[in-house]
Structures are given as C-alpha cells and as structure tokens.
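To keep things clear, I will list the structure first and then write my remarks on it.
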Amino acid sequence: MAITRRQQLRARYPAILTHASLSFGDGWAGLLDLLCERLQFHAERNGMPQVEISEAKQKWGALSVLFSGGNEHAHGLVDMAESLSIRVCELCGNPGELQDGPDVFRTRCQHC
C-alpha cells in the first residue's frame, strides 16, 4: 500500500503533526510541508516555542490551520500559507484560483 502525502508529512514533522486532523486535497500538501519546515526550523534554530497543529482543513475554499504554541512569527507563517492556498489548486498543486458560488467554495486550476 502506498504511503499518502499526509502520512509522509506526519513522519517528517512528528512534533508538529502527531495529533493533527488533516482534511484537504493532496495539492496543498506542498504548502503544509513548507509551512511545517519553516515552523520546525524556527523552533530548532531560533528558539521559537514549538508549534503543534491541531487541524489543517479546507474552509471556504482556503486552507485553514489551527495550532498552538509558537509566537508572532509562527502566526505570520501560518497566515502566509493560508493566503497562498487560494492561489494553489487543492487537488493537484498547480496554480489555481478561488471559485465561489452557491454552496461551492474551492480553489482549483483550469484542469481540475
């Protein structure tokens, strides 16, 4: 059985994602990977308190990350990842845009 992107992320960042509920398409895995890499870097090298993500999900078409720990820098990193998510297709990771309509909020590329 193939390892999923979410399993890879949990294995790579256990301190951040051990207890996290991850509910989003594979296209955003790269955003979460980069976010966790930066959060871990600043915790290990710059003395920032460890961040623990409790939930990362699609909400209103964008990535929504709930977390504890960190500092103002961590809040800025999370805000940046959430903001970038409306420019990345949630399904494939290609450039996308937020689509909103009656009962539909999602970020997709032209192909998805």
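Values in this text are rule-based calculations from the coordinates and carry no lab data. Being a predicted model, the structure only gives us computed values, none of them experimental. Glycine gets a Cβ as well: all are built from the backbone with ideal geometry, and neighbour counts include every protein chain shown.
Worth pointing out:
To keep it simple, each residue is scored yes or no on (1) in contact (Cβ under 8 Å) with a residue 24 or more places away in the chain; (2) under 23 Å from Thr107 (Cβ atoms).
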residue	(1), (2)
Thr18	yes, no
Gly25	yes, yes
Leu32	yes, yes
Leu35	yes, yes
Phe41	no, no
Val51	yes, no
Ser83	no, yes
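- So Gly69, is it of a type in the set (Gly, Ala, Ser) and in contact (Cβ under 8 Å) with a residue 12 or more places away in the chain: yes
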